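Have a look at the structure below before the remarks.
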Amino acid sequence: MTVRPGPDAALEARFLADVLRNPHNACILARWDALALPDGWLVAGCLFQTVWNQRSGRPPAADIKDYDLFYFDPDDLSAAGEQAVQRRVDALFADQGITLEACNQARVHLWYEAHFGQPYPRLHSSRDGIDRFLIPATCVGIAPGRLYAPYGLDGLYAGTLAMNPLVPHAALYERKAASYRARWPWLQVAPASLP
């Protein structure tokens, strides 16, 4: 008996194919094992912006400012430890000409409020960090053989931006949504309010 994938499986396959059209995303996944990041994920902008670029008829990697790696190492919450990981990442991808930032999700609560002016809870995994992006449609992460999209992919493909109830910071949301809409004018931005 042949089992046909449901609509979610089809959309997931489309998403993975779309994000791999960005040669930097493909390179990062090809060198994944060399990263050796605990609970590692390639996340956010380099993924959804690749999809939005293609929908807009632009090259997949156009104007993507940075590529983000999340990992979770609760045994080293030091800035020095995170900087050592960053140096390793920089060396591994020096030939790509991109900014690839590694962030230990186990230590975000230590610096987030000073940087963004809002409190942030202690996380328990990298997926907790992905859950907390300001806009649910952008909450995505991939690793070889894995996709994490806690709010699904429909909003990402529809271009609907709304405030994440886990992060009810209206001013931050409005700035982020305005930045995205300036680059992809077809995006639909909901007011900064919770459902």
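The values are calculated or read from the model by the stated rules, or taken from the named source; none is laboratory data. Predicted, not measured: the structure shown is a model, and the values here were computed from it. FYI the Cβ positions are ideal-geometry reconstructions off the backbone, even for glycines, and counts take in every protein chain you see.
With 171, 182, 177 as the choices, which residue is of a type in the set (A, V, I, L, M, F, W, C), closer than 25 Å to residue 126 by Cβ and in a helix (DSSP H, G or I)? First the steps, then the outcome.
Working: 171 fails: closer than 25 Å to residue 126 by Cβ; 182 fails: closer than 25 Å to residue 126 by Cβ.
That would be 177, the only listed residue that is of a type in the set (A, V, I, L, M, F, W, C), closer than 25 Å to residue 126 by Cβ and in a helix (DSSP H, G or I).
Scanning segment 79-129 for residues that are among the charged types (D, E, K, R), closer than 27 Å to residue 61 by Cβ and touching a Pro at 6+ places or on another chain (Cβ under 9 Å) yields one hit, 127.
Out of 49, 86, one residue alone is modelled with pLDDT of 95 or more, farther than 30 Å from residue 188 by Cβ and among the polar types (S, T, N, Q). It is 86.
The residue that is surrounded by the most Cβ atoms within 10 Å (Cβ to Cβ), among those in segment 117-166 that are under 30 Å from residue 31 (Cβ atoms) and among the β-branched types (Val, Ile, Thr), is 140.
For segment 106-122, state whether one or more residues are modelled with pLDDT of 95 or more, in contact with a strand residue (DSSP E or B) (Cβ under 8 Å, 6 or more places away or on another chain) and in a helix (DSSP H, G or I). So far as segment 106-122 goes, no, none of its residues is modelled with pLDDT of 95 or more, in contact with a strand residue (DSSP E or B) (Cβ under 8 Å, 6 or more places away or on another chain) and in a helix (DSSP H, G or I).
Annotation: of all residues in segment 54-87 being in a helix (DSSP H, G or I) and either in contact (Cβ under 8 Å) with a residue 40 or more places away in the chain or touching a Gly at 6+ places or on another chain (Cβ under 7 Å) (or both), the one that is farthest from residue 180 (Cα to Cα) is 85. For residue 104, the conditions (1) exposed (fewer than 15 other Cβ atoms within 10 Å of the Cβ); (2) closer than 26 Å to residue 166 by Cβ all hold with the exception of (1). Summed over segment 49-79, the residues that are in contact with a Leu (Cβ under 9 Å, 6 or more places away or on another chain), more than 24 Å from residue 124 (Cβ to Cβ) and hydrophobic (A, V, I, L, M, F, W, C) give a count of 2. Considering 110, 92, the condition of being within 30 Å of residue 170 (Cβ to Cβ) and among the hydrophobic types (A, V, I, L, M, F, W, C) is satisfied by 110 alone.
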